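Here's the structure, in structure tokens; my notes come after.
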Amino acid sequence: MAEEDRSKDVLPTSEVYHPGIGSYQQVYRESLESPEDFWSKQAGILDWHKRWDKVLDDSNPPFYRWFVNGKLNASYNALDRHLLHGRRNKAAYIWIAENGDEKIVTYDGLYRRVNNFARALIDLGMKKGDRVIIYLPMILEAPVAMLAAARLGIVFSFVFAGFGAGALAERINDSGAKMVITADGAFRNGKVVELKKIVDEALESTSTVTTVVVVKRTGTDVQMDEERDIWWHDVMKDSSTYVEPEWMDSNDPLYILYTSGTTGKPKGAVHGNGGYSVWVANTLRWAFDPREDDRWWCAADIGWVTGHSYIVFAPLFLGLTSIMYEGSITYPAPDRLWEIIDRYRVNLLYTSPTAIRTLMRFGEKYPKMHDLSSLRVLGTVGEPINPAAWKWYYEHIGHSNCPIIDTYWQTETGGFMIAPPLALGLPPLKPGSATFPMPGVDPVILDEHGKELKAEEKGYIAYRRPWPGMFLTLNNDPERFKKVYFEKYPGKYFCGDYAIRDSDGYYWLLGRADEVLNVAGHRLGTIEVEDALISSKEVAESAVFGKPDPVKGEVIVAFVVLKEQYQDEPDIVAKLRKRIREDLGPIYVPEEIHIVKTLPKTRSGKIMRRVVKAVALNQLPGDISTLENSASVDEVKAAIEIFSKETRKK
Ligand code: WTA
């Protein structure tokens, strides 16, 4: 969202919800003034096997450790304890297939499946501390696998099923996984994506995996390697087994989730058991105020952090009933989301601005086809929401009765950082602002040199103190952890986003301040795409950047210089697209690929991506005093002109 898009509207939320901001301010103040007492109380949202000795150990910054020496188990907190407290027969998930089939699994049913799969993991030789990759679509086996791993202290790393073989192999290698859990295929927009085939290809460039467990979902033909591959249904033999949970140290790792940074190598954010669990459960409660009987629908993919925290851990810790939907929100028709809300009487909906903008384009006709009166709260995540989309969501979906909970956070933060605190007292909402920090979150807006900025000044958002959901480190790379997040502003966590705090104290998140893209709410690295292009035999050089897009927020644009001998290669653009799709995954495929003879460079030979972007977007290129080959700029301009003419013709 551009700064000038900030809305001047203020919505008096007393119309939609009341407690008033006063109680929030009191809770917030308490969280900063007496953090020990505050977090001791909040940690009671979980059952602990052994109480912690100390709430926060900050003696070795930035490696902050929460609930020191406390012991607990995430799967116990998600399942076992609910069986003792009246939720045995309550639905944990109402799962809806892309073709409309439905499966309801109760807390007891989920508990039995998780124990069954945990037993299978033991039988397959997996033990505490081992690493497992989960590469599954939106099917119930995904939370089962995650919880079974968590039960045993096996560190899982979920790889979004839309990633390609190269991205998968990289994550397997970095995590050192012994096992991959996947499916024969995934249904997407009525088609089958052959996941097992992608796994087979990825495993050609890895060496640690000894077992692949395969869920049969699509019935697609797969090659099973007798030594290595085994069917899920063949290992789920003992549905009445009980596996004692491993009592994990609060700071033992729970999972690793890879996310894009400013280099070609994704960062493996490691989340722990104690602080993370306390954080996700409390933030969901504070921001959305879910009730026992509600139906909660987080419409993200389980492979991203939103799915980890708010499809799996937080709602299960709170004993809620979640909707889990397998397919695309526009398949088979653009009313899919609304139809599910109507049919299942969904109360709380949590989705992305891109989804809202996509559905908005189809018009009000589609939501009007359905009764959406069950909705009480609407949420968004993943990217700035522009006021127009906010208002459409508020009026046409919430019928001006549902507050919009715009949650700002990151993979690294584990859960919401800035979001309207519905359960604590909601402030009047301003369309496009994520409002106020969650309890315990202490943000500050700084300039390049670390000077604190005044209200209404745009700067970088940083946090002055740790919070329980903060990741522990980067897998295999504690130095990068320190450098990326704590070097720019010593003693503070720097997260790479621009923000403004307005004169009423509201936070407005204004997008990434680095080379990271946000495409349809997905965080992607420009350098990853450049690396994939350069590793194609035809490509000599490339420059990749994001271009603003009215629906997806940003789309990827690539400029490519071909090697001499491939100058006349036929269908080169299609070939490069295919290559990126297979290597990184479909979400990485550039919207535009332009072939040019040279790219703007500095005298030392560094490609000036910033200049390519500015010229291509018709903006001022900034300082070009170090530019070596000014003719390249004309070429970039010419390529864009030809492209615009051709697009107009179409
Ligand atoms: C962006 C997704 C504005 C931001 C949970 C952040 C947002 C990155 C919002 C993290 C929001 C996320 N308003 N921007 N409500 N939510 N972002 O790690 O740039 O996939 O740094 O986590 O998304 O993306 P990630």
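The values are calculated or read from the model by the stated rules, or taken from the named source; none is laboratory data. This one's a predicted model, so the numbers in the text were calculated from it and none came from an experiment. A quick note on method: Cβ atoms are made from the backbone with ideal geometry, for glycine too, and the neighbour counts reach across all protein chains shown. Please note that ligands, DNA and RNA were not included when accessible areas were found on the heavy atoms of the full protein model with its side chains. Shrake-Rupley method; radii C 1.70, N 1.55, O 1.52, S 1.80 Å.
Among the residues of the stretch 478-525, those that are open to solvent by less than 30 Å² (accessible area, probe 1.4 Å) and more than 25 Å from HIS271 (Cα to Cα) comprise ALA499, ILE500, ASP502, GLY505, TYR506, TYR507, TRP508, LEU510.
Quick one: which residue in TYR460, TYR498, TYR506 is under 30 Å from ILE593 (Cα atoms) and at pLDDT 95 or above? Unique residue meeting the criteria: TYR498.
Considering only residues in the stretch 256-267 that are crowded, with 24+ Cβ neighbours inside 10 Å and within 19 Å of GLY129 (Cα to Cα), the one that is farthest from the chain's Cα centre (by Cα) turns out to be ILE256. With respect to the conditions (1) closer than 23 Å to SER630 by Cα; (2) more than 16 Å from the ligand (Cβ to nearest atom), GLU569 lacks only one, and its number is (1). Taken over the stretch 423-443, the criterion of being open to solvent by 10 Å² or more (accessible area, probe 1.4 Å), modelled with pLDDT of 95 or more and farther than 21 Å from TRP390 by Cα is satisfied by ASP442 alone. Taken together, PRO431, PRO466 contain a single residue that is under 25 Å from SER34 (Cβ atoms), in the same structural domain as PRO266 (by TED's automatic domain parsing) and assigned to a loop (DSSP other than H, G, I, E, B), which is PRO466. So which residues in the stretch 239-255 are within 19 Å of ALA314 (Cβ to Cβ) and open to solvent by less than 30 Å² (accessible area, probe 1.4 Å)? Correct list: PRO245, MET248, SER250, LEU254, TYR255. Within the stretch 123-144, is even one residue assigned to a helix (DSSP H, G or I), touching a Ser or Thr at 6+ places or on another chain (Cβ under 8 Å), more than 24 Å from TYR588 (Cβ to Cβ) and modelled with pLDDT of 95 or more? No, because not a single residue in the stretch 123-144 is assigned to a helix (DSSP H, G or I), touching a Ser or Thr at 6+ places or on another chain (Cβ under 8 Å), more than 24 Å from TYR588 (Cβ to Cβ) and modelled with pLDDT of 95 or more.
So which residues in the stretch 378-415 are at pLDDT 95 or above, away from the ligand (no atom under 16 Å from the Cβ) and small (Gly, Ala, Ser)? Hit for the stretch 378-415 is GLY398, nothing else. The selection criterion, being part of a helix (DSSP H, G or I) and more than 16 Å from the ligand (Cβ to nearest atom), holds for ALA423. Taken over the stretch 473-521, the residue count meeting the criterion of being under 17 Å from the mean Cα position of the chain (by Cα) and not β-branched (Val, Ile, Thr) is 11.
Looking at LEU375, is it part of a loop (DSSP other than H, G, I, E, B), more than 19 Å from the chain's Cα centre (by Cα) and more than 13 Å from the ligand (Cβ to nearest atom)? The answer is yes for LEU375. Among the residues of the stretch 444-471 satisfying the criterion of being open to solvent by less than 20 Å² (accessible area, probe 1.4 Å) and more than 21 Å from the chain's Cα centre (by Cα), which is farthest from GLN26 (Cα to Cα)? This residue is GLY459. For the subset of the stretch 312-354 comprising residues that are touching a Gly at 6+ places or on another chain (Cβ under 8 Å) and without any contact (Cβ under 8 Å) to a residue 60 or more places away in the chain, which member is farthest from ILE385 (Cα to Cα)? Looking at the filtered set, the residue picked out is ARG336. Taking the criterion of being under 26 Å from ARG523 (Cα atoms) and open to solvent by 80 Å² or more (accessible area, probe 1.4 Å), the residues of the stretch 578-619 that qualify are LYS578, ARG579, ARG581, GLU582, GLU591, LYS606, ARG610, ASN618, GLN619.
Among the residues that make up the stretch 412-422, is at least one of them open to solvent by 10 Å² or more (accessible area, probe 1.4 Å) and either touching a residue at least 40 places away in the same chain (Cβ under 8 Å) or assigned by TED's automatic domain parsing to the domain that holds TYR485 (or both)?
no
Restricting attention to the stretch 346-372, the residues being under 19 Å from PRO548 (Cα atoms) and not in a loop (DSSP other than H, G, I, E, B) number 9.
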